[in-house]
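See below for the structure under consideration.
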Amino acid sequence: MGLLALGTALDWPDAKKQAQLVRAWGIKQLLEIWGKAKGKERDIMLWGDEVEYLVVTYSKDDPKVLLSLRQADILAALAGDKSLSAEGANVPELQDVTGAGTNKQSPVFHPEFGRFMLEATPGKPWGIDFKELLDVEPDMKLRRCIAKDHMLPNEYPITLTTFPRIGSPGVFTDPYYPVSGPRLRSQFVPDEIANPHIRFPTLAANIRSRRGRKVQVNVPVFRDENTPWPWKDPTVNYDMHQWPEDDDVRNGAAPDNFIHMDAMAFGMGSCCLQITFQAKNITEGRRMYDQLSPLGPILLALTAATPIYKGFLADTDVRWNQISKAVDDRTPEELGEKPLEDDRWRIPKSRYASNSTYISTDPRLRPEYLDPDLVIDEDIKQQLLDGGMDDRLATHFAHLFIRDPIVIFDEDLQELDLSKTDHFENIQSTNWQHMRFKPPPADNSIGWRVEFRPMEIQVTDFENAAFAVFIVLITRVILSYDLNFYIPIVKVDENMETAHARDAVLDKTFHFRRNPFPVRPSRAAASRTPSGSSTPNPASSRPPTPSGPVEDEYRKMSINEIINGTAYARHSANADAHYESDADGDAEEFPGLIPLVESYLDSVNVDVVTRCELATYLDLIRKRASGELWTAAKWIRHFVAQHPGYKRDSEVSEEVTKDLVGAIIAIGEREQKGAGFKHLDVPEIGKLLGSCRSGSSRARLRPEDVDMYVNV
Ligand code: ADP
Ligand code: MG
Ligand code: MG
Ligand code: MG
Ligand code: MG
Ligand code: MG
């Protein structure tokens, strides 16, 4: 992200003047890398995860739990620790103990938007070997332990999506800073909440300036027995007169029955779990991008973990839309509130949103699936076409390039440097869609990559590893079976909205493709489908209908059906969702993603131990989908509801927050203690990891244990 490149960041009116230049140079850089990399072949299948943490200060005797703003100090301590490798360097001790196929480099820590956040990735990407899937969870635990080791005794890295009382009245950061600052102009959070690197406050300030007012992050409040109704957010101050933006709330920015937030930190201060894949070539990457896209909303609902904002229970379970609103830089003209005069077009979505394009060259991609209202920059598309890019990919980038660059450094505007991709990345990396298609870097040293971005971070590393591994396995299944999950992109958007509902994972249905199998399955593919199990193969019973009405290709399904298959869903606990019948009145079967993964695992060579371990991950996903295990969102709601300090008025007090975070810290410690670093569990590692060395126990949290968090 070029974080070290210091320079003079332009304020908005000046940045706007350079937007056209940055776009033009960005497109030239894109064409340069396209020319170099479009024919790149045989890159190996690599993948990597990103885990984000909140850093809190907590002690049993202190009534308050706070966000620690020591990100920079913690990163400096990590960077200065000689026993940890610099990014990319080898750690011989780790090499010795991890064995074949495991990660030989120590984890890498990165800054994030919030000054109370950290991101950690494995030291190098994971490979294709199934055994490596078992190293993900120990590596995640190692990362958490190393992070903790470089914090103060009362600081903890926790994997909660949002801090329950960020922006609440009173003190919620350590150290305390008063509101309201010139960059964010928030009445709830100080400017010091953001990473002080000039990029971040500039990002926040320029988004606000471009919009012409503060961002408006309004989340419906959860109405409980004693919640006054209509509900007026009691924390909103209508009497501030420091900045012009203080008028926003007087102009209706804070409607009744919504928790009102007004700054980028409320969205970009959320933690998520992202997975990046390297494809063997661009064609495969484009296919992965498209096929993973419809899975986004399903995985968002399955990982739901965000029921509290600014000290109140929300009526939604996930973070997605709040981040979307927190970085929505659209002007009133672009939003359609005013006639177009200065701006070029109306834009239906925030720059953080579910993705709007399919990009594959797959002949099964029907034009009807594409977004009929897609906004693109026609000039840019033409330049890309003239540069030799095909229509579909040119459309994708011409859509991303409707946005202005937000942070521009004056020093970067001296001359165009085609050995870099900075201007391209400027636009690309501030298009926060739920999938990202990542071209190779300027030096073409690595391949085309696809990033899966919708998932919420989970409380335990067991869960984070399970979801990472599941997405990896699904991706392999998609490629091996040539699966087809296409539905119209507007239906993916609709699913994304649906995923926000409280308990969407159990209570809602989602548009999903009826028949995921290739139109003409080869004999081999047909025999690899789960016909040996009780799950019928729809491909064999349903004639291919490549040109029938698109609406017939998909139907609404519960997540239980999508994940576990109709046969399983019909017999499991929460099977009150509707099951459609076909014209003959036969129940319509869907194989289920987990049965597909299992049939795939049956067909490849996986040793018994690995297979058993993978089964524990699949079991978690299966039980989440069926309702046997709760989402973190449900658990947090339950925790609050049964807390003696909760007054059934939607308010999550400091006392409740403290106990909630305390419980989450306890879960983390229990997981660390119980787990051992399986593969890292030898004496030498003690030298390297200090207190991160665990006991000899190899037990770890199992799916059954995850619902222990119900009873903490
Ligand atoms: P970003 O923040 O831009 O999404 P990061 O640098 O944080 O990207 O890394 C994303 C993930 O991609 C990390 O887990 C990293 O290990 C992984 N990764 C790095 N190189 C590759 C590669 N060639 N193929 C697949 N994944 C990779
Ligand atoms: Mg990033
Ligand atoms: Mg990252
Ligand atoms: Mg990140
Ligand atoms: Mg982030
Ligand atoms: Mg990422």
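For the reader, a short list of remarks on this structure follows.
- Extent along principal axes [Cα atoms of the chain; Å; largest to smallest]: 71, 62, 58
- Relative exposure of PHE116, PHE485, judged by other C-beta atoms within 10 Å (fewest first): PHE485, PHE116
- Global geometry of segment 290-334, whether rounded, prolate or oblate, following the gyration tensor of its Cα atoms and the 1.5 cut on a/c: oblate
- Which of LEU413, ASN154, PRO518, positive extreme of dipole for the chain (C-beta unit charges): PRO518
- In plain terms, the bigger the Kirkwood radius, the slower the diffusion; for segment 118-217, with that radius from Cα pairs, at 25 °C and 0.890 mPa s, Stokes-Einstein puts D at 147 µm²/s.
- Calculated [θ] (222 nm, deg cm²/dmol) that DSSP helices of n ≥ 4 give over the chain, each run adding -39,500 (n - 2.57): -10500 deg cm²/dmol
- Placing one equal scatterer on every Cα of segment 1-78 and applying the Debye formula, the log10 ratio I(q)/I(0) at q = 0.22 Å⁻¹ is -1.10.
- Counting beta carbons within 10 Å around each of CYS271, CYS612, CYS145 and listing the fewest first gives the order CYS612, CYS145, CYS271.
- Geometric descriptor of segment 191-332, per residue, is 158 Å³ (volume of the convex hull of the Cα atoms).
- Relative exposure of GLU613, GLU334, GLU494, judged by other C-beta atoms within 10 Å (fewest first): GLU494, GLU613, GLU334
- Above-threshold pairs, the threshold being 32 Å between Cα atoms, out of LYS16/LYS325; LYS82/LYS658; LYS36/LYS214: LYS82/LYS658; LYS36/LYS214
- Cα gyration tensor of segment 361-509 - equivalent ellipsoid semi-axes, whole Å, descending: 31, 21, 18
- The aspartates and glutamates within cross-link reach of LYS280, meaning a Cα-to-Cα straight distance under 18 Å and a gap of 8 or more places when in the same chain, are GLU41, ASP43, ASP129, ASP290, ASP362, ASP443, GLU451, ASP482.
- For segment 317-357: span of alpha carbons on each principal axis (Å, largest first): 37, 22, 12
- Using bins of 10 Å that start at zero, the share of Cα-Cα pairs per bin across segment 379-447 amounts to 17, 47, 34, 1, in whole %.
- Linear extension gain, SER603 paired with GLU41, 0.36 nm per residue minus alpha-carbon span: 199.7 nm
Quick note: the coordinates plus some simple rules give every number you see, no bench work behind them. What you are looking at is a predicted structure, and each value in this text was computed from that prediction instead of being measured. Counting neighbours? That spans all protein chains shown, and the Cβs are built from the backbone with ideal geometry, glycine included.
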